[in-house]
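Accompanying notes for the structure given below.
The values are calculated or read from the model by the stated rules, or taken from the named source; none is laboratory data. Here the structure is a predicted model, which means the values were calculated and not measured. Ideal geometry is used to build each Cβ from the backbone, glycine not excepted, and the neighbour counts take in all protein chains shown. Please note that ligands, DNA and RNA were not included when accessible areas were found on the heavy atoms of the full protein model with its side chains. Shrake-Rupley method; radii C 1.70, N 1.55, O 1.52, S 1.80 Å.
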Amino acid sequence: VINDILDKGVDLDFDSIEVDGVKKSGYQLHKTDSGFMMSVNALKEYLIIEYDAQINDPLLSGKQIRNYADITCSNNSETVTSEVESEVLKPQLEISKMTDKDIYNVNDIINYEIQVNQTVKDAHANDVVITDILDQNLNIDIDGISIEGTEKENYTVEKIDNGIVIRFKQISDKEITIKYQVLLQDNTLAGKEITSKATMTSINNTDIKTAD
């Protein structure tokens, strides 16, 4: 009898289990709450079990996960155990924001550029949300927004009352550049400072990064 136990938050793909060394008629597989159990009629030489599992708990980022297995048999009651530990990478996000000039006139166009990056090699930031808030009375050209460094299927853009929200399914260790324009049409902005603040966070690293 073989028991295989995964940490909480790591889900077994039961259908992916492959067995080598024993014919299919020679064993029975049973899914358990934390893994699986295999009953083997007779083990003569070797047995290899391979399967896939998915890390579904974002709180496991930056932690060690454990996979534990044990085996015993009817004619030798000793339980033999083995376990392996693996590190779950935690992404680190960076964001910066800039304009093409420092001073503008009413009816000018401000060219904004936001650069975002995930800096840990081989890590992935999932469900990334960037919120960019501008002063009121600024007109964003949402149709003119360009995003470079990722596929169009990886993000969505939403206009909110005084800014935009961009959601990425995933960001890896490749820089992404967001560009858009704002038209200064309001005469009451003359002589005033224009503020703009962008924030970024993800489901597997909830630290909020800010750029303004």
>> Of the conditions (1) in contact with a strand residue (DSSP E or B) (Cβ under 9 Å, 6 or more places away or on another chain); (2) over 21 Å from residue 206 (Cα atoms), residue 137 satisfies every one except a single condition; which number is it?
In response: (1)
>> Kindly evaluate residue 28 against the criterion of being outside any helix (DSSP H, G or I), under 30 Å from residue 122 (Cβ atoms) and either open to solvent by 100 Å² or more (accessible area, probe 1.4 Å) or of a type outside the set (D, E, K, R) (or both).
In response: no
> Does residue 97 satisfy being at negative phi, charged (D, E, K, R) and under 15 Å from the mean Cα position of the chain (by Cα)?
Replying inline: no
> On the given criteria, is residue 3 open to solvent by 40 Å² or more (accessible area, probe 1.4 Å), under 30 Å from residue 137 (Cα atoms) and either in a strand (DSSP E or B) or in contact (Cβ under 8 Å) with a residue 12 or more places away in the chain (or both)?
Replying inline: no
>> Looking only at segment 185-205, how many residues end up being open to solvent by 30 Å² or more (accessible area, probe 1.4 Å), at pLDDT 95 or above and either part of a strand (DSSP E or B) or not hydrophobic (A, V, I, L, M, F, W, C) (or both)?
In response: 2
> Can we say residue 20 is surrounded by 10 or more Cβ atoms within 10 Å (Cβ to Cβ) and among the charged types (D, E, K, R)?
Replying inline: no
>> Under 9 Å between Cβ atoms, which residue pairs at least 6 apart in sequence (or on different chains) link something in segment 153-177 that is free of Cβ contacts under 8 Å to residues at least 40 places away in the same chain and among the hydrophobic types (A, V, I, L, M, F, W, C) with a partner that is open to solvent by 20 Å² or more (accessible area, probe 1.4 Å) and assigned to a loop (DSSP other than H, G, I, E, B)?
In response: 157/145; 164/145; 166/145
> residue 46 passes all but one of (1) open to solvent by 70 Å² or more (accessible area, probe 1.4 Å); (2) assigned to a strand (DSSP E or B); which number fails?
Replying inline: (2)
>> Quick test of your reading of the structure: residue 182 fulfils all but one of (1) open to solvent by 80 Å² or more (accessible area, probe 1.4 Å); (2) in contact (Cβ under 8 Å) with a residue 40 or more places away in the chain. Name the failing condition by number.
In response: (1)
>> out of contact with any Lys or Arg (no Cβ under 7 Å at 6 or more places or on another chain) and either surrounded by 11 or more Cβ atoms within 10 Å (Cβ to Cβ) or free of Cβ contacts under 8 Å to residues at least 12 places away in the same chain (or both): is that true of residue 81 in this structure?
In response: no
> With (1) closer than 30 Å to residue 123 by Cβ; (2) open to solvent by 80 Å² or more (accessible area, probe 1.4 Å); (3) of a type in the set (A, V, I, L, M) as the list, and residue 53 as the residue in question, which single condition is left unmet?
Replying inline: (2)
